[in-house]
1. Say whether the condition of being polar (S, T, N, Q), open to solvent by less than 50 Å² (accessible area, probe 1.4 Å), in a helix (DSSP H, G or I) and closer than 21 Å to Trp199 by Cβ is met by at least one residue in the stretch 77-88.
2. Which condition from (1) part of a loop (DSSP other than H, G, I, E, B); (2) under 21 Å from Phe46 (Cβ atoms); (3) more than 15 Å from the chain's Cα centre (by Cα) is the one that Ser221 breaks?
3. Going by the conditions given, is Ile188 closer than 20 Å to Leu78 by Cβ, of a type outside the set (D, E, K, R) and surrounded by fewer than 19 Cβ atoms within 10 Å (Cβ to Cβ)?
4. If you check every pair at least six apart or on different chains, which have Cβ atoms under 9 Å apart with a residue in the stretch 200-216 that is within 12 Å of Glu33 (Cβ to Cβ) and open to solvent by 50 Å² or more (accessible area, probe 1.4 Å) first and a residue that is at pLDDT 80 or above and part of a loop (DSSP other than H, G, I, E, B) second?
5. Looking only at the stretch 113-129, how many residues end up being in contact (Cβ under 8 Å) with a residue 24 or more places away in the chain, surrounded by fewer than 20 Cβ atoms within 10 Å (Cβ to Cβ) and not hydroxyl-bearing (Ser, Thr, Tyr)?
6. Restricting attention to the stretch 40-67, which residues are at pLDDT 95 or above and exposed (fewer than 15 other Cβ atoms within 10 Å of the Cβ)?
7. Being polar (S, T, N, Q) and open to solvent by 50 Å² or more (accessible area, probe 1.4 Å): is that true of Thr160 here?
8. Condition test on Arg99, is it crowded, with 20+ Cβ neighbours inside 10 Å and of a type in the set (Lys, Arg)?
Amino acid sequence: MPSDPWLWLMQANDSQYPSGAYAHSYGLEELVEAGVVKNADDLERFLATQILPALLTFDLPYFVQAHAAANQANTARLLELDTELDAWRLPAETRDASRRIGSRRLELLRQLAPSPLVEAHAAACPFSHHLVVTAIELASIPITQAARAFAFQTISGFATASMKLMRLGQTACQSIVRRTLDRLGTEIDAALSRPPDGWFNPLLEIASLRHARADARLFIS
């Protein structure tokens, strides 16, 4: 892995890192189109009631397990977790978006920070979920910081997409991100010690399913 993992963390989490995440809204575009998310207040409410609970009860507990497997170079466990994540993501668009971003990050990892673990996982699961690849990517970072980086990627991704979909300036958007991260920060450590649990999110799942048949769209998902 890179000689300085903290500098690597900044590079891998930079908005210019070409992971392909900019092309996905994870269902937000359809929620804007349907009038469910219309303005800054709606966006902040959406992040607080839909995205944060999913992070705290599902994504981050799974991230902890993937991070531990990556540190143990346990490729079989990483593949098992990838399969579980696939089963949990019901809409095909959501699964595909996660795998597109994950496979792009995995290919970048092979070029920028190659290792036996990276090569082994790429051989076993080249079209891997974003969460699993990020856990491998940040395996040299302590889990408390690595999990925060993953959570930031998630919140930042929705915020970036929102500015393309609504009249929302950069300052207003960053204010929403700041408050959302503050809410997350009070609970994130507890989430790291709990087992993964499903987060039933029909609003976002239905939006993702409808997005595939939209007459026009800006984002892939």
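1. no
2. It is condition (3) that Ser221 fails.
3. Here the answer is no, as Ile188 does not meet what is asked.
4. Pairs that qualify, where the first residue is within 12 Å of Glu33 (Cβ to Cβ) and open to solvent by 50 Å² or more (accessible area, probe 1.4 Å) and the partner is at pLDDT 80 or above and part of a loop (DSSP other than H, G, I, E, B), are Arg210/Gly27; Arg210/Ala34.
5. Number of matching residues: 5.
6. Listed by number, the residues that qualify are Asp41, Arg45.
7. yes
8. yes
The values are calculated or read from the model by the stated rules, or taken from the named source; none is laboratory data. None of the values given here were measured: they were computed from a predicted structure. Please note: Cβ atoms are built from the backbone with ideal geometry, for glycine as well, and neighbour counts cover all protein chains shown. Please note that ligands, DNA and RNA were not included when accessible areas were found on the heavy atoms of the full protein model with its side chains. Shrake-Rupley method; radii C 1.70, N 1.55, O 1.52, S 1.80 Å.
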